[in-house]
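In what follows, a structure is listed as structure tokens, so that the remarks can point back to it.
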Amino acid sequence: MNALGRLLSVGSEWGSYASPIGGAAGRGLAREVAEEASETIGKQFARQASRELKPVVIGENMRERVVPFAQQKEYLTINDFVSNWSMEANAAWIRRMMREGRRIIDIGPDFYGRHAGLREVSCHLHRHAYALERYLLKGYPNYERAFVRIRTPRGIGGGVPGLSRPAGSGLIIEPFVP
Amino acid sequence: MSNVSFTELDPFNRAFFETYLSKMRFLEEDWGFAKHVDPSYYGSLLLYTKGRFAIMFSFELRDNRVYLRMQQVDTAIPDVFPPEAFPDVYSRIQDPLFELFLRLPLREEYQQFFSKAERKRLEQLIELAVVQRDVEAARAVLEKEAEFHAYILRKYQPQILQVVEAASAESGEA
């Protein structure tokens, strides 16, 4: 929104410079010049804005991977935008991030979780948020993959080199009293 | 976070806590672990600790699933997996409970615990929970998965407690 605010204020500023030309024709000309200038400058600023907007992080396991990675890098996640989650809201969020031209950093599947997990969900686009996100992002130029994927005797492995799940000691809080 | 009220939570995180707190009561009552909670919309955490060891249940809202992990509370677990593919990273970890956890044949246990028909039914419930945001379906899935996690913990109780108690005795903890 700040980027958009700056964009609008630049257009207005250009218009105020042009308006003193004088008369109705002058005002019309000024408006045309201002609009054309706003459009040109708008595109430039939109590009600049996309560079200035914080990147967002996607991947499996919000709690243990996506949010800690984003915090470490000072990036954002869906958590910062969508407070009432649904698959539709998730898809709309990804589309919005793409429209805004944001860098989208993919930290990939939770390979560890898949080992320890009870079920395989990634192949079901319609009911697996991360799979849907990957699908929607196909061909998106500002998509960046931050994880490695390797084949091992146990199947596919990988992850984000250098990333650790937060140690549990940081999560110990006061005993729960229901 | 203290004084957590279930009424402040969204229905899915509430279902997670209600289900797991009920099914894992034996960890407190029989095993002597202390419980801790950390609610968060996209992924709440339920933690049971004894000495420096923890059994963790991490809820993933978007998939309506729960990750189980056992480890020392101060071990930072690398994101890369499996250990044999990243030996340098894993050689730095000295955590007997996490090592035990990595050896558990969870996938095989899961296949044996649930019949094919039960797994199919679970898949249907998961779809209802995630796509339709059906809280009762989500709760039913969580109930089944909590039963499985409780089964695993009880089945491997001797090995788990051996690690926990041996380390506690070494360090002179109660």
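Since every read-out is calculated from the coordinates, none of them should be taken as a lab result. All values reported here derive from a predicted model rather than from experimental measurement. Cβ placement follows ideal geometry from the backbone for every residue including glycine, while neighbour counts extend to all protein chains displayed.
Summed over qualifying helices (DSSP H, 4 residues or more, each -39500 (n - 2.57)) and divided by its residue number, chain B shows a 222 nm mean residue ellipticity of -16000 deg cm²/dmol.
Please report the net charge: other residues with Cβ closer than 13 Å to the Cβ of A:Gly157, K and R +1, D and E -1.
Details: positive: A:Arg114, A:Arg149, A:Arg151, A:Arg154; negative: A:Asp110, B:Asp79, B:Glu84.
It works out to a net charge of +1.
How crowded by other chains is A:129-139, given as the mean number of beta carbons from other chains within 10 Å of each beta carbon?
Mean shielding by partner chains, rounded to a whole number: 1.
Sorting A:71-78, B:40-47, B:123-130 by average packing, meaning the other beta carbons within 10 Å per residue, from highest down gives B:40-47, B:123-130, A:71-78. Couplings 3J(HN,Hα) of region B:108-114, computed from phi: 5, 4, 5, 5, 7, 5, 9 Hz, in residue order, whole Hz [Karplus 6.51 cos²θ - 1.76 cosθ + 1.60, θ = phi - 60°; x for Gly and Pro]. The alpha carbons of region A:54-165 stretch over 41, 30, 27 Å along the principal axes, in descending order. Across peptide A:59-71, the average count of Cβ atoms from other chains found within 10 Å of a residue's Cβ is 4. Scalar couplings 3J(HN,Hα) for region A:58-70, obtained by applying the Karplus form with A = 6.51, B = -1.76, C = 1.60 to θ = phi - 60°, are 10, x, 8, 6, 4, 5, 9, 10, 5, 5, x, 4, 5 Hz; x denotes Gly and Pro. Amide H to amide H distances under 5 Å link A:Gly158 with A:Ile150, B:Phe81, where only residues 5 or more positions off or on other chains count and H is placed in the peptide plane. Residue-wise HN-Hα couplings along region B:88-102, as the Karplus relation 6.51 cos²θ - 1.76 cosθ + 1.60 with θ = phi - 60° gives them from phi, are 4, 5, 6, 5, 7, 8, 10, 9, x, 6, 5, 4, 4, 4, 5 Hz; Gly and Pro carry x. The mean count of C-beta atoms from other chains within 10 Å of the C-beta of residues in B:50-63, rounded to a whole number, is 5. For region B:1-138, the calculated P(r) over all alpha carbon pairs, in 5 Å bins from 0 to the bin holding the longest distance, is 2, 9, 15, 18, 19, 17, 13, 6, 1, 0 percent. Under 5 Å from the amide H of B:Phe53 lie the amide H atoms of B:Val73, each residue being 5 or more positions distant or on a separate chain, with H modelled from the backbone and absent for Pro and chain starts. The aspartates and glutamates whose alpha-carbon is closer than 16 Å to the alpha-carbon of A:Lys54, local same-chain residues fewer than 8 away aside, are A:Glu74, A:Asp80, A:Glu100, A:Asp106, A:Glu144. Quick check: the distance between the Cα centres of region B:12-30 and region B:91-131, to the nearest angstrom? Between the Cα centres of region B:12-30 and region B:91-131 lies a distance of 18 Å.
Cross-link partners of B:Lys116 among lysines, defined as those whose alpha carbon lies under 24 angstrom from its own and excluding same-chain residues fewer than eight positions apart: B:Lys23, B:Lys144, B:Lys155. In this structure the amide hydrogen of B:Ile77, modeled in the peptide plane, comes within under 5 Å of the amide hydrogens of A:Arg165, none closer than 5 places in sequence on its chain.
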